[in-house]
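Q: Once you've had a glance at the structure underneath, I'll fire off some questions.
What follows is calculated from the coordinates using simple rules that are stated; it is not laboratory data. Source: prediction; values computed, not measured. Every residue, glycine as well, gets a Cβ built from its backbone with ideal geometry; the counts of neighbours run over all protein chains shown.
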Amino acid sequence: MSPKDEVASEIGLNNSIFIVTLRDCDKLVGMGRIIGDKGCFYHIVDTAVAPSYQGKGLGKLIMSEINT
């Protein structure tokens, strides 16, 4: 990741309303987050699961946590 991408990622993550992460020990294997105006509009974005962890229901787990 380039330094510019790292800065953009940090800004984006810091401005998230809610973040879910899944880890296997210290390894990040999945995530999802909510962004919005903190009033009327909210969006679920950046939902992802590492390829080697896909097909195990982790995406559904992320969405379940976001929706609760």
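Q: Kindly provide the set of residues from segment 11-30 that are within 24 Å of residue 40 (Cα to Cα) and surrounded by fewer than 12 Cβ atoms within 10 Å (Cβ to Cβ), ordered by number.
A: Within segment 11-30, 11, 14, 15 meet the criteria.
Q: Let me ask you something else. Say we look at segment 43-68 and pick out the residues that are surrounded by 14 or more Cβ atoms within 10 Å (Cβ to Cβ) and of a type in the set (Ser, Thr, Tyr); which of these is farthest from residue 20 (Cα to Cα)?
A: Residue satisfying both the conditions and the ranking: 53.
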